[in-house]
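Report on one structure; see the data block that follows.
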Amino acid sequence: MAPLIPDIIAPEYNFIIAFIVGIGFGFALEQAGFSSTRKLVGLFYGYDFTVLKVFFTAGITAMIGVLLLGHLELLNTSIIFVNPTFLPSAITGGLIMGLGFVVGGFCPGTSACAAAIGKIDGWAFIFGATLGIFTFGEFFPFLEKLYMADPQGPVLINEVLGIKPATFALLMTLIAIVAFMATGVIEDKVNGKAVKIFNGQWKNKALAAAIPVILVVLIMVTPSRKEYVMQKLEARAAAGECKPDLIDADQLAFELINNYYQYNVIDVRSPEEYQQFHIATAINIPLDELHNPAYRELLNQRIQTNVFYGSTPLQAKQACLIARYHGNTTSRALAVTAQEFKQLFYEYSDMPQNPTKEQQTLVLFRQQAAKKMQEIENNLAAKQKPVKKKITRVQGGCS
Amino acid sequence: MNKKNGYMNPYLAGVLLGFVLLTTIYITGRGLGASGAMKSVAVSAVKAAAPEHYSNTPYYRSYAADHPQGPMKSWLVFEMLGVLVGAFFSGTLSGRIGLKLEKGPGVTNVGRLAGAIAGGFLFGFGSQLGRGCTSGSALSGMAVMSYGGIVTMVAIFGGAYAFAWFFRKMWISR
């Protein structure tokens, strides 16, 4: 699953890829006419809206592409770089950049395109930009407070608006279509031409506008690949077709104190719950993340049997089914919940009055097992914890 | 291609640009950028001209820590080298290569150069405050639906519209 770097393509190739996508970037910008300063500022005086058309189309194409790849689980959207949000500096910086845009007639990327085809004003803009960046660095101590104010992290706009990503994409697409039509009218008026909304080829135009809308609507109405898999699993489980093997609490305790290394105990609750209490040797993979391909190798270890448990018996069963779906055949689910396990071994181990022989053995076993499991856990804690694959966000941005 | 001016249809160019950005995200997990490469140049200049100042200032120290192989060994520097090549290729293809100074009607050469340098200065300064420019913050931010990126985009274009009237003499004759 993408991003291809670092797992599928080695990070060493990153600079070569940067160069290649740069060529594509420069080619697209120059072909669009972004090497011409008068074409760029036309946006702000109403005589040429090329920038709006290209910029909006590009942004929406990429946005829907990311959405679609995420929907099909071809791209892990939880680790791609999302620019962090610092509102005060974003707004101040943006306004200064806007001023620089109308004064200088370029933005950094377009100035490079202009410079590449021999525009002297492009080189002058690059020189000025480098000087501006240098000045920012020199005055950083005075700007640091504004720069770091109100850090919100990598927030997404749809989270702020409280809507689904696909809804936001649909909204943007519709806004873009209206904007393209409206600016066409303005352009004609400013340039003193007769106003035509559909000047010919209206069929092609309608088709071009319909494609992104249809794509987003499809994303909205179809279940994502993850949802689809879960639905299928649940349907199978409901049909009784695929019953996960259950393991009894006492049996698990027995196995743990005798051969814990043969078991891969996985806690599928939240990290907070895991922190409060977990069964000895257990690692934590929340149920929502279990589907993540990063864990597939861990789930398919041949020597170890997976034992899942959660805060409800259903959680453990679901986890077990996910593991099976991804090819593991020996996964088992704990018959009791985490809370029940804790009670059995750590809370209710007092001997009942007049115990039968059986009860006596059981209570003694549980008391001993509790002690022993604690020991194993302590010993393991001193050593390195079992693998927990670290999934880090990609670094990016302009700084 | 539009025969009138030799430029590509803007929507087609937009789709092409969108696919370049999408490919970048798919392969590397990050978006495109531009101002970061200029930052590498600025930082390298400081390193070469005033090595002591470079190693004493916390701002450059933290930059050096992020770029252990030196300021020029940065993803965006390589990407921008590609941009220069790609733009040159495109310009050659459409016959737009040549030394030229483009300016609004009635603007002197010196006036245009001063404007470009001053505008560049402001854009460069603002891009540092806004954590990226039109490419890295606005366009790439929009693709991944970053709140900060979209706010920056609105601020850039909103700001440009707000200031456009004051600088109209630089671009249009009216």
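The values are calculated or read from the model by the stated rules, or taken from the named source; none is laboratory data. Not measured: the values here are computed from a predicted model. Backbone-built Cβ (ideal geometry, glycine too); neighbour counts: all protein chains shown. When the accessible area is computed, the model is the full protein with side chains, heavy atoms only, and any ligands, DNA or RNA have been set aside. Shrake-Rupley method; radii C 1.70, N 1.55, O 1.52, S 1.80 Å.
A single entry from B:GLY82, B:GLY36, B:GLY70 fulfils the requirement of being open to solvent by less than 60 Å² (accessible area, probe 1.4 Å), in a helix (DSSP H, G or I) and either charged (D, E, K, R) or without any contact (Cβ under 8 Å) to a residue 60 or more places away in the chain (or both): B:GLY82.
Scanning the range A:135-150 for residues that are among the charged types (D, E, K, R), within 33 Å of the chain's Cα centre (by Cα) and facing chain B (nearest Cβ under 9 Å) returns a single hit, A:GLU144.
When residues in the range A:199-235 are screened for being within 12 Å of A:ALA166 (Cα to Cα) and touching a Cys at 6+ places or on another chain (Cβ under 9 Å), 0 of them pass. Can you name every residue in the range B:39-56 that is among the hydroxyl-bearing types (Ser, Thr, Tyr) and either within 19 Å of the chain's Cα centre (by Cα) or buried (at least 18 other Cβ atoms within 10 Å of the Cβ) (or both)? Within the range B:39-56, B:SER40, B:SER44, B:TYR54 qualify. For the range A:34-53, a tally of residues being more than 7 Å from chain B (Cβ to nearest Cβ) and in a helix (DSSP H, G or I) returns 6. As a summary of the residue check, A:PRO6 satisfies the conditions (1) not in a loop (DSSP other than H, G, I, E, B); (2) not assigned by the TED database to the domain that holds A:VAL216 except for the one numbered (1).
This table checks each residue for (1) within 7 Å of chain A (Cβ to nearest Cβ); (2) open to solvent by 10 Å² or more (accessible area, probe 1.4 Å); (3) assigned to a loop (DSSP other than H, G, I, E, B); (4) free of Cβ contacts under 8 Å to residues at least 24 places away in the same chain.
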{"position": "B:TYR59", "(1), (2), (3), (4)": "yes, yes, no, yes"}
{"position": "B:SER90", "(1), (2), (3), (4)": "yes, no, no, yes"}
{"position": "B:GLY119", "(1), (2), (3), (4)": "yes, no, no, yes"}
{"position": "B:GLY149", "(1), (2), (3), (4)": "yes, no, no, yes"}
{"position": "B:PHE166", "(1), (2), (3), (4)": "no, yes, no, yes"}
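Cβ-Cβ distances below 8 Å connect no pair with a first residue in the range B:12-23 that is under 19 Å from B:MET145 (Cβ atoms) and facing another protein chain (nearest Cβ under 7 Å), a second residue that is open to solvent by 60 Å² or more (accessible area, probe 1.4 Å) and not basic (Lys, Arg), and a separation of six or more residues or different chains. Only one of the listed residues (A:ASN300, A:ASN292, A:ASN264) is closer than 30 Å to A:LEU72 by Cβ and in contact with a strand residue (DSSP E or B) (Cβ under 8 Å, 6 or more places away or on another chain). That residue is A:ASN264. Looking only at residues in the range A:68-117 that are small (Gly, Ala, Ser) and open to solvent by 10 Å² or more (accessible area, probe 1.4 Å), which one is farthest from B:LEU93 (Cα to Cα)? Per the stated criteria, the residue is A:SER78.
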